[in-house]
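Written below as structure tokens is the structure these notes are about.
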Amino acid sequence: MSKKLVVSRNAPCPCGSGKKYKSCCALKEDRRRHWLNSFFRWIGGAAVVFLIIYIISQISSRGTSVGYQRNLNKGSQRNSYYTDADIDDVDFSELSAEQKERVLNKANNLQCTCGCRMTLAECVAIDSTCPLRGSNIERISDLLKEESR
């Protein structure tokens, strides 16, 4: 193991320059130490900024509607099938069981056009904040009218 040479600041510099240690190699070590401290402070600051940006992006993505977030988590898997009991705003009472099933199948397969990737039935059943919810209710009502003819 090599031991670090301890030199008094006022002693002659061990490099042989003839200067005092504090005016020669001590300055070089101080500059190197200062550069490393600055570098690590910069890296730490950048990491904090990136962490804050990441946290804000996660919070803002959770601020979307519950239905949209649930749909993103499901990906392409459609596990939920919404029935007439879930879609309170549309009256299915005039249809037979087969007609009701056909309308619900269409409503559970047609997409909402606002870009949320939900189906019409899903949007009407769970997303009261959708700007196209009223038109989606009308689309389901039109499906009902077509089926009752």
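Just so it is clear, none of the values below were taken in a lab; they were calculated from the coordinates. These figures come from a predicted structure and were not determined experimentally. Using ideal geometry, Cβ is built from the backbone for each residue, glycine included, and neighbour counts are taken over all protein chains shown.
What is the sum of charges around Phe92, taking Lys and Arg as +1, Asp and Glu as -1, for the other residues whose C-beta is under 9 Å from the C-beta of Phe92?
For residues surrounding Phe92, the net value is -2.
Taking the mean number of other Cβ atoms within 10 Å as a proxy for protection, how do you rank 37-45, 82-90 from highest to lowest?
82-90, 37-45
How high is the FRET efficiency from Val7 to His34, r the C-beta distance, R0 22 Å, rounded to 0.05?
0.65
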